[in-house]
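Each remark here refers to the structure printed beneath this line.
Bear in mind that the values in this text are calculations on the coordinates, not laboratory data. Since we're looking at a predicted model, the values are computed, not measured. No Cβ is skipped: glycine too gets one built from the backbone with ideal geometry, and neighbour counts run over all protein chains shown.
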Amino acid sequence: ARPITGAEYDVVVIGAGFSGLYALYRLRDLNAKVVCFEAGDGVGGTWYWNRYPGARVDIESMQYSYSFDEDLQQEWRWPEHYSPQPDLEAYANHVADRFDLRERIEFSARVNRLRFDEAANRWHVRTDRGDQVVAKYVIAAAGSLNAENIPQFPGLDSFQGQWYHTANWPREEVDFTGKRVGLIGTGSTGIQIAPVVAETAGHLHVFQRTPNFSLPSKNRPLEPEYEREWKANYTERRAAISQDPGAVYWANPADRRSIFEFTPQEREQILNEAWASKGGFEFVRCFRETMVNPEANEIVAEFVRNKIRQTVKDQAVAELLCPKTYPFGTKRLCLDSGYYETFNRENVTLVDVRSDPITEVTPTGLKTTATAYDLDIIIFATGFDAMTGAMTRMNVTGVGGMDLRDKWANGPTSYLGYFVAGFPNLFMIHGPGSPSVLAQMITSGEWQVDWVVKFVEHMEENGYGRVDTTSEWEENWSAEVNMVADYTLYKKADSWYLGANIPGKPRVFMVYVGGFDRYIQRCNEQVEAGYEGFVLSR
Ligand code: NA7
């Protein structure tokens, strides 16, 4: 396709992932002139890029799906409880076709410049394809986890084998048969890819810096009865989701049991039942204090460590796989399909790079302080410059030419996760300061898009040319984001929620953990209070 130059739009949407697609759908009601720039050559965002073997969502697909169209949710069939990447990508494509969204999307066009013209109240948007357009509003649905983190090990250019970051995985199948594979990183991604690679690789070395807590997914084909039950109850279940802090429907109603009311044997029994159940993250809800009380958390953590010890035969390896330096659940919990069992295979070796760090990549593999490893393939499952990377890599300048990177030099600020003071008419979806990754992202994305579209409608109906917020309101919101995080144990881990995975990134808690339900309430309250915190002008 040819680059677009000189066109004027009402709205530019950045990203054709699940939120961007829904924004295109909703903006049609406004009769707005809209274009969406998407870096990939297809739709799906996260589920377009992360096509590594074993990639799978860890929220059940019956709920990790759109709620906006009753026919869609009734007709679509998910083959498995937790969909693998190809099914999610197929779903995104189906939605794009079904609702004729594709005609407004410009593919293979990565936004690389966003400049606000304050005299005209317009954004000037450029892409790496050569597009140059102007728009009144920008909706940045560019993703919370899309800016890859590739650690700068010296020598990577010299490596003679193949290397991949999991979020930029090729479409063609990568053949591991008989190969010596090095996997760096043991977050959700590393934990998903390791068992699949181990099946065919000659040898797999897993380079672990920090072990993670992982729960068994018990993934399985979706039972017809289960599907029928969901479809018969979609309306009320979707309603329950919007009342839930994690934007999730739980099979078991919230259990407000205190762990301290039970004997150690009773606790063990409750935790064992949850572990054996097919509830995924329901395990976290066994007791009310797990995420807020260190003593309660440690009981649950030790239970999980014991499961690791029971699963992994070599006890020295098991101990290395047991997280001991941070509370359970304060780094993103993982759901796996046979991760710990993988370490019982002859062709899998765990390497502790905390005690013996990777120093360089060599032409034939990589070196740690103590050892050299010969490798044919290196997989970087090393995560993302989360929450802010998508925005800071776009070269955004606002009022007075202020660069967003300078504005966020000491950590990201936002008002309600949507607005940054000095960057008018720019709405972020799943931005820093929103519940983002701690609420089920399709539902919370739909809700945020609805809110933004209503906001734009309000502006248009009242003839406003510009909306901004103030530093004061950003500070208020940051204080609230921090206050709710302080109530939990989340800050006790070096997690990407805190920016701790990126060298030099300021340590600021970037996710609103007050709950999706509470977030909805807070956003609505600000609007009902006469658009408090917003500076609207003509
Ligand atoms: P994560 O969860 O950020 O995991 C990245 C992993 O890579 C993690 O184990 C890191 O160790 C490790 N890592 C990062 N840099 C290095 C270096 N330099 N050396 C060794 N190891 C390193 O990313 P994922 O892709 O797994 O998951 C992202 C989210 O997607 C996930 O949370 C879900 O929400 C879905 P660390 O823990 O930082 O010591």
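Observations on the structure shown:
- Calculated mean residue ellipticity at 222 nm for the chain: -9000 deg cm²/dmol, from DSSP H runs with n ≥ 4 weighted as -39500 (n - 2.57), summed, divided by the residue count and rounded to 500.
- Taking the longest Cα principal axis of the chain as reference, the axis of helix 516-528 is set at about 10 degrees.
- Counting other Cβ atoms within 10 Å as a rough exposure proxy, the listed residues Phe455, Phe37, Phe328 run Phe455, Phe328, Phe37 from fewest neighbours to most.
- Between Phe260 and Gln315, the contour length at 0.36 nm per residue exceeds the alpha carbon distance by 16.8 nm.
- Estimated FRET transfer efficiency when R0 is 30 angstrom, pair Asp486-Glu532 (beta carbons, to 0.05): 0.80
- Fewest-first ranking of Glu75, Glu319, using other Cβ atoms within 10 Å as the exposure measure: Glu75, Glu319
- For Ile139, Ile502, Ile299, order by how many other beta-carbon atoms lie within 10 Å, fewest first: Ile502, Ile299, Ile139
- Each Lys or Arg adds one and each Asp or Glu subtracts one; over the other residues with Cβ under 15 Å from the Cβ of Arg405, this totals +2.
- Projecting label points 7 angstrom from Cα along Cα→Cβ for Val174 and Asn31 puts them 5.0 nm apart.
- Dipole magnitude for the chain: about 820 debye, using +1 per Lys or Arg Cβ and -1 per Asp or Glu Cβ, origin at the Cα centre.
- Förster radius 45 Å - calculated FRET efficiency between Gln152 and Leu72, Cβ distance, rounded to 0.05: 0.55
- Per residue, the convex hull around the alpha carbon atoms of the chain comes to 151 Å³.
- For the chain, the longest principal axis of the alpha carbon atoms and the long axis of helix 441-461 meet at an angle near 10°.
- Net charge of neighbours whose Cβ lies under 14 Å from the Cβ of Tyr497, counting Lys and Arg as +1 and Asp and Glu as -1: +3
- In degrees, nearest ten, helix 85-98 long axis to first principal axis of the chain (Cα): 20
- Difference of contour (0.36 nm per residue) and Cα-Cα distance, Glu103 to Asn524: 148.3 nm
- The HN-Hα couplings worked out from phi for region 259-268 by the Karplus form 6.51 cos²θ - 1.76 cosθ + 1.60 (θ = phi - 60°) are 5, 7, 8, 10, 6, x, 5, 5, 4, 4 Hz, whole numbers, x standing for Gly and Pro.
- On full extension, the segment bounded by Thr325 and Arg2 gains 111.0 nm, given 0.36 nm per residue less the C-alpha separation.
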